[in-house]
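Below is one structure; the comments refer to it alone.
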Amino acid sequence: MISVVVPVYGCKTCLKELSSRLASVFTKIPADYEIIFVNDASPDGAWTKICELHESNPNVKGIDLARNFGQHHAITAGLDYAKGDWVVVMDCDLQDRPEEIPKLYEKALEGYEVVFGRRVRRNDSWPKKTSSKLFYRLYDYITGQSSDHTVANFSISSRKVVEGYKSMREQNRFFPMFIQWMGYPSTSIEIEHNERKEGKSSYNLKKLLTLATDGIISQSNKPLRLSIQFGFLIASASLLYGLYLFFRYFFLAEPVQGWTSVMVSIYFLGGLLFCNLGILGLYIGKVFNETKARPLYLIRDTTDKQRDEHA
């Protein structure tokens, strides 16, 4: 069986075409299938459409989350629910083409546990592509990993990988990075990337910065080490400057002046202290969130009542 997990937010009118194209794709693959739409509190009434699609095609399943938990939490809900030996993760806006799934599946059968789709020609706006490149460069520098900005969520993973992903229950979630961290044999292949058919991406600048911060903090403590190194650098520079002033005062008989420079230095060091405390506070805040051990998501309703009864 192949499961297809699709987080849904703001793309109600795309769901019928996506479901139809997926069903058509699986007539060409010798495997049973299920399509799992995870409604992440979509504001356009997508849950009603998902229920209609389930009535017309029992292979379409739906999960209605209690509120908006975010894309990567919605993916987690779908993976927790999926029964397939292989699981495809894709977006709902039809930029990820269902017709590319057979290529991912065939590549996986060559011996890979994970195959990602590589969007060589991304049909996204220039700001989105630029911000994506900058994010991955910063992420790779902080975490010491090597990422590809053309790779997103569109992928196929084996049951072994899915079970590994399900075992990681931390609140800060980033699907591609979790898969990469596990280290199973993986590869990527070129796929065709379509233009967004409806609406616009919900990832504005604020959400992208939040995602970047959460991803970096959850994967690396390098910001803490950098703040320590910078602190030592400032302390060393201050010591050398103090020795220089000592030499001028006692050996050259030059009075030390400069009230303005002293005040600037105080404010500069004060700013650095607040910055370092802020970095430390972010880590402490994330630890606090993890210790609460709240569920990653809450489900309001599903279309598969029989599975719920046996769960």
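The values are calculated or read from the model by the stated rules, or taken from the named source; none is laboratory data. The structure displayed is predicted, hence computed values, not measured ones. Ligands, DNA and RNA are excluded from the accessible area calculation, which covers all protein heavy atoms including side chains. Shrake-Rupley method; radii C 1.70, N 1.55, O 1.52, S 1.80 Å.
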Mean-square fluctuation maximum in Gaussian network of the chain, Cα pairs under 10 Å, restricted to Phe174, Phe26, Phe250, hits Phe250
Using the Karplus curve 6.51 cos²θ - 1.76 cosθ + 1.60 with θ = phi - 60°, what ³J(HN,Hα) values do you get for each residue of region 72-83, in whole Hz, with x for Gly and Pro? 6, 6, 5, 4, 4, 4, x, 5, 4, 8, 5, 10
Given the chain, what percent of its DSSP beta bridges are antiparallel, to the nearest 5? 35
Build a GNM of the chain with springs between Cα atoms under 10 Å: which of Tyr244, Tyr165, Tyr297 gets the top mean-square fluctuation? Tyr244
Given H placed 1.01 Å from N in the peptide plane, which residues other than close sequence neighbours of Ile35 have an amide H under 5 Å from its amide H? Val4, Val60, Lys61
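Taking all protein chains as present, what is the carbon and sulfur share of the accessible area of the chain, in % to the nearest whole number, probe 1.4 Å?
60
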Whole-number accessible area per residue in Å² for region 26-171, which is evaluated in the context of all protein chains at 1.4 Å: 42
Cα-based helix-to-principal-axis angle, 222-251 vs the chain, degrees rounded to 10: 10
Against the longest alpha carbon principal axis of the chain, how many degrees, from 0 to 90 and to the nearest 10, is the axis of helix 259-291 turned? 30
For region 59-68, in residue order, the Karplus 3J(HN,Hα) values (coefficients 6.51, -1.76, 1.60; θ = phi - 60°; whole Hz; Gly and Pro = x) are 6, 8, 10, x, 10, 10, 6, 5, 7, 6
Most mobile of Tyr33, Tyr184, Tyr241 in a GNM of the chain (Cα contacts under 10 Å): Tyr241
So what are the ³J(HN,Hα) numbers for region 100-110, from phi and the Karplus equation (6.51, -1.76, 1.60; θ = phi - 60°), rounded to whole Hz, Gly and Pro as x? 8, 4, x, 5, 5, 5, 5, 5, 4, 5, 6
Quick check: the angle from helix 205-219's long axis to the longest principal axis of the chain, C-alpha only, nearest 10 degrees? 80
Computed over the chain: relative contact order in percent, which uses C-alpha pairs under 8 Å that are six or more apart: 22
Could you estimate the translational diffusion coefficient of the chain from the Stokes-Einstein equation, with Rh from the Kirkwood formula over C-alpha pairs, at 10 °C and 1.306 mPa s, in whole µm²/s? 72
Cross-link partners of Lys107 among aspartates and glutamates (Cα-Cα below 13 Å; sequence separation of 8 or more within a chain): Glu190
